[in-house]
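For reference, the structure is listed below as structure tokens.
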């Protein structure tokens with residue numbers, strides 16, 4: 001029976017190999033989806049385990065010690081073998097995307113006919129889940145999330161910022177619009193939407209909207225509150241109350257006048273929708289085409305709504 005010698009910590013080996021191969025801790029951190037300080041700590045842990053220096057830093061950048069130079073080729077080959085052991089070729093025309101359920105339902109789905117008209121050979125596998133993602137382990141090409149844009153993923157495209165306006169069904173408009181105009185909010189049934197909050201106080205709520213409309217007004221208790229934005233929209237469509245509607249989500253419903261504004265007042269949010277990915281270079285042909293189409297659709301949305309499109313950026 002073969003007895004294997006104790007191995008150094010695997011994460012520290014990955015940090016050293018990536019840093020030595022790319023000649024940069026910053027690039028290694030980007031590849032491994034961690035911070036440069038985490039890479040530095042892992043390399044120090046490896047050197048402590050070995051009792052040898054493997055990397056030094058000079059003004060010109062990363063310099064391998066003789067010990068590190070000798071180890072790098074074998075270590076890189078070992079990682080290549082490991083990667084090949086579990087490698088299954090991916091279908092370049094199947095795009096796996098994680099999308100927030102409400103965004104998929106109200107914004108993405110109504111536009112997909114146009115995507116398939118341009119790219120009939122591409123197939124989409126849409127995981128409508130708000131759960132956290134890790135491209136290292138999750139079988140995903142791209143993800144769309146709502147927040148401030150402070151994501152650790154190498155690819156982070158700012159698609160659209162949100163804006164909020166009070167809406168209801170056309171049937172309810174004649175009764176409720178005068179109450180909004182007079183500031184008599186106490187008799188209005190409010191629908192609360194907590195499904196898209198970004199985890200901080202930067203999102204717009206009924207309190208901000210009502211105080212912007214009538215500073216001295218009291219904010220009534222919500223008739224009903226949802227943690228799912230799609231259900232909040234469904235409640236508004238079912239005449240259950242007035243919703244502080246999100247323009248991106250309600251774009252199609254407003255165009256079709258299934259929901260209508262109660263008042264012109266619109267408040268913009270610091271939060272928005274972001275397209276995330278492991279890296280631009282690593283995207284399959286299908287994923288790259290879907291990304292380009294999505295960026296074009298986001299830009300078209302900004303033109304239609306006379307808003308300034310946010311900058312697209314690869315981190």
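The values are calculated or read from the model by the stated rules, or taken from the named source; none is laboratory data. It should be emphasised that the depicted structure is a prediction, and the values quoted were computed from it without experimental measurement. Note that we place each Cβ from the backbone using ideal geometry, even for glycine, and neighbour counts take in every protein chain shown.
Scan the range 210-228 for residues that are at pLDDT 90 or above and under 31 Å from the mean Cα position of the chain (by Cα) and jot them down.
210, 211, 212, 222, 223, 224, 225, 226
When you scan the range 98-143, how many residues do you find that are farther than 21 Å from residue 156 by Cα, in a loop (DSSP other than H, G, I, E, B) and touching a residue at least 12 places away in the same chain (Cβ under 8 Å)?
Residues flagged as farther than 21 Å from residue 156 by Cα, in a loop (DSSP other than H, G, I, E, B) and touching a residue at least 12 places away in the same chain (Cβ under 8 Å) within the range 98-143 amount to 3.
Look through 125, 139 and report the one residue that is out of contact with any helix residue (DSSP H, G or I) (no Cβ under 7 Å at 6 or more places or on another chain), closer than 14 Å to residue 287 by Cα and loosely packed, with under 12 Cβ neighbours inside 10 Å.
Of 125, 139, the one residue that is out of contact with any helix residue (DSSP H, G or I) (no Cβ under 7 Å at 6 or more places or on another chain), closer than 14 Å to residue 287 by Cα and loosely packed, with under 12 Cβ neighbours inside 10 Å is 139.
Here are 162, 152: which of them is assigned to a loop (DSSP other than H, G, I, E, B) and under 18 Å from the mean Cα position of the chain (by Cα)?
One residue alone meets the criteria, 152.
Which count do you get for residues in the range 244-266 that are farther than 27 Å from residue 97 by Cβ and either surrounded by 16 or more Cβ atoms within 10 Å (Cβ to Cβ) or not assigned by TED's automatic domain parsing to the domain that holds residue 299 (or both)?
Number of matching residues: 4.
Failed condition for residue 98, given (1) crowded, with 18+ Cβ neighbours inside 10 Å; (2) in contact with a helix residue (DSSP H, G or I) (Cβ under 8 Å, 6 or more places away or on another chain), with all others met?
The single condition residue 98 does not satisfy is (2).
In the range 28-40, what count of residues is obtained for those that are within 21 Å of residue 71 (Cα to Cα) and under 22 Å from the mean Cα position of the chain (by Cα)?
Here the count works out to 3.
Looking at 63, 95, which is the one that is within 22 Å of the chain's Cα centre (by Cα) and either assigned to a strand (DSSP E or B) or under 30 Å from residue 272 (Cβ atoms) (or both)?
Testing whether each residue is within 22 Å of the chain's Cα centre (by Cα) and either assigned to a strand (DSSP E or B) or under 30 Å from residue 272 (Cβ atoms) (or both) leaves just 95.
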